[in-house]
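Every number here is computed from the coordinates shown, using simple stated rules; none is lab data. Quick caveat, the model's predicted, so the values are computed rather than measured. Cβ: placed from backbone, ideal geometry, glycine included. Neighbour counts: every protein chain shown.
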Ligand SMILES: [Zn+2]
């Protein structure tokens with residue numbers, strides 16, 4: 001492509017809407033334009049990158065036995081009613097009605113529609129296993145679309161669904177996808193970590209996220225440097241603590257006027273926050289839940305919601321708190337609480353002589369002991385893990401990091417096949433539900449993540465495998481243009497993808513744009529080196545540079561491309 005005829009609108013300034021490096025660079029380098037909040041147009045350069053990422057994904061999915069299909073974006077509401085997700089998906093779902101008043105949604109995901117397809121077509125174990133996938137748009141009406149295409153409302157995703165006869169088959173499919181995902185991200189030049197995650201609204205049991213470590217990431221993970229344990233904090237387990245030593249002392253009420261927060265009460269009473277019991281009230285349907293965590297710990301709402309078995313867990317309002325405890329917020333405690341489901345974290349259960357709210361304004365209780373002063377409905381792990389906590393597998397202190405979730409694989413089991421009656425007959429003629437898995441890669445998000453891991457202060461540094469072009473030829477003047485055109489033709493005809501800067505611009509402008517766009521190999525043709533009969537070759541990554549005679553260029557370029565695995 002010649003820049004004089006290419007549609008590559010680079011910008012000198014960073015638009016104010018951009019917050020993170022990938023978003024800024026894609027706007028400035030002419031890859032992307034915003035159409036509406038969270039909705040983007042992909043210009044030629046990013047389209048080329050997306051096509052390459054998709055090609056890598058296709059090759060790996062096909063190698064793992066996947067077959068590509070294309071499912072509809074517009075999906076009938078009935079299928080979503082059958083699994084309960086028409087309601088569960090809530091405000092995130094884009095909904096619409098046709099002219100007859102029938103309800104549809106724009107697919108936020110495709111479990112329902114593909115399960116329904118397989119339900120209609122598969123009836124025997126002989127037709128299984130089956131791995132079907134597609135690459136297309138997804139729609140989610142995010143509350144806060146942000147970070148450009150990192151969290152958009154319309155985005156491109158690869159989703160594969162596996163259909164097996166039993167759990168063993170699912171385990172095999174899952175393992176294949178785990179390996180295929182590792183291959184995809186490695187080939188895209190990404191360093192990822194596979195972490196245990198929570199399955200959330202999608203349901204199912206085992207699930208891993210593939211996370212690109214990056215400071216701008218919204219996923220918070222913990223991992224162990226000693227063993228292979230790695231998990232999203234929402235999922236990460238905390239080890240139960242042994243019960244503290246010491247004898248329970250008599251319960252004692254103390255006055256704590258105006259002291260509501262953990263910090264206030266701890267400092268007022270001159271004790272460590274770890275001695276306090278934090279009582280957090282939640283509403284779920286008609287039930288009130290009291291979650292107890294230690295004063296220095298945070299509650300993990302995802303864990304709590306999973307234990308309660310709801311997707312609609314909301315903190316109790318002031319009125320509910322007053323009605324249930326008889327006191328305003330800040331003075332709740334487990335002693336004497338009625339008609340509340342009491343869920344206690346391991347660390348609170350281990351406390352001897354803890355301190356809790358007295359369910360009375362301006363008062364707390366000292367020497368609160370579980371079993372004697374209150375009875376839990378359940379003692380379990382409901383706290384948020386943090387860096388420094390012991391690894392649940394080996395006990396080593398966990399490390400923390402932020403990252404971008406670029407892929408997730410799920411073992412769904414039979415949730416969707418049972419809801420949508422996708423059964424098969426086994427060898428004995430017995431009817432059984434198909435066992436499913438689903439596996440997603442955010443394609444547009446993968447592109448943004450590659451930039452997050454590969455850029456410097458001047459611009460993007462594309463890995464060869466996904467670069468929009470392999471070579472950027474910068475011609476510095478009219479006299480040099482003839483040779484530039486010659487090399488352009490030569491390289492292009494040997495299968496090399498070349499962007500030729502043939503514009504009538506100052507060298508400074510051309511170099512700035514070349515750094516910004518970030519094509520891996522740059523060939524500079526200027527009067528100075530040409531006087532020696534040479535052109536300059538250099539890698540955008542800074543790993544190599546040199547001067548070559550024009551007739552050596554083609555060979556060297558092909559060698560560089562091959563050595564970078566593209
Ligand atoms: Zn460990």
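As a length-normalised measure over Cα pairs under 8 Å and 6 or more apart, the relative contact order of the range 252-380 settles at 29 percent.
Taken along the Cα-to-beta-carbon direction at a fixed 7 Å, the label points for residue 183 and residue 13 span 4.8 nm. Relative contact order for the chain: 17 percent, from Cα pairs under 8 Å spaced at least 6 residues apart, divided by residue count. Peptide packing: for 545-552, 171-178, the average count of neighbouring Cβ atoms within 10 Å per residue gives the ranking 171-178, 545-552, highest mean first.
When the Cα convex hull of the chain is projected onto planes of every orientation, the mean area is 33.5 nm².
Helical runs assigned H by DSSP (4 residues or longer) give the chain a calculated mean residue ellipticity at 222 nm of -8500 deg cm²/dmol, each run adding -39500 (n - 2.57) before division by the residue total. The distance between label points at residue 35 and residue 298 comes to 3.6 nm (points 7 Å beyond Cα on the Cα→Cβ vector). Sorted largest first, the principal axis extents computed over the alpha-carbon atoms of the range 259-321 equal 39, 25, 10 Å.
Sorting 59-65, 314-320, 1-7 by their mean Cβ neighbour count within 10 Å, with the most densely packed peptide first, gives 59-65, 1-7, 314-320.
Relative to the current alpha-carbon distance between residue 81 and residue 479, full extension at 0.36 nm per residue lengthens the span by 136.4 nm. Find how many whole Å separate the alpha carbon centroid of the range 120-184 from the alpha carbon centroid of the range 246-298. That distance is 44 Å. Stretching residue 393 away from residue 144 to a fully extended chain increases their span by 86.0 nm, per 0.36 nm per residue minus the current alpha-carbon distance. Remark: the residue 543-residue 136 segment gains 142.9 nm on full extension, using 0.36 nm per residue and subtracting the alpha carbon distance. Across the range 325-360, the residues whose backbone nitrogen lies under 16 Å from the label position 7 Å along the beta-carbon direction of residue 272 are 347-355. In whole angstrom, the range 240-381 maps to an equivalent ellipsoid with semi-axes of 22, 18, 13, each derived as √(5λ) from the alpha carbon gyration tensor and ordered largest first. What do you get for the angle between helix 167-187 and the principal long axis of the chain? Use alpha-carbon atoms, 0 to 90 degrees, nearest ten. Tilt of helix 167-187: around 50 degrees.
Judged by the gyration tensor of its Cα atoms, with axes a ≥ b ≥ c, the range 469-563 is rounded; a/c sits under the 1.5 cut. Shape of the range 1-133 from its Cα gyration tensor (a ≥ b ≥ c, root eigenvalues): rounded if a/c is under 1.5, otherwise prolate when a/b > b/c, or oblate? In terms of gyration-tensor shape, oblate. If R0 is 51 Å, the Cβ-Cβ spacing of residue 320 and residue 512 corresponds to a FRET efficiency of close to 0.30. Only Cα pairs under 8 Å and 6+ residues apart enter the sum, and on that basis the relative contact order of the range 273-348 stands at 38 percent. Placing R0 at 30 angstrom, the Cβ-Cβ distance between residue 74 and residue 402 gives a FRET efficiency of 0.25 after rounding to 0.05.
Shape verdict for the range 217-271, please, from the Cα gyration tensor: rounded (a/c under 1.5), prolate (a/b greater than b/c) or oblate. Cα axes put the range 217-271 in the oblate bin.
One Cα centroid belongs to the range 329-343, the other to the range 438-473; the line between them spans 52 Å.
Spatial offset of the range 1-49 relative to the range 76-101 amounts to 34 Å, using the alpha carbon center of each. Packing-based ranking of 405-414, 281-290 yields 405-414, 281-290, ordered from highest to lowest mean Cβ neighbour count within 10 Å.
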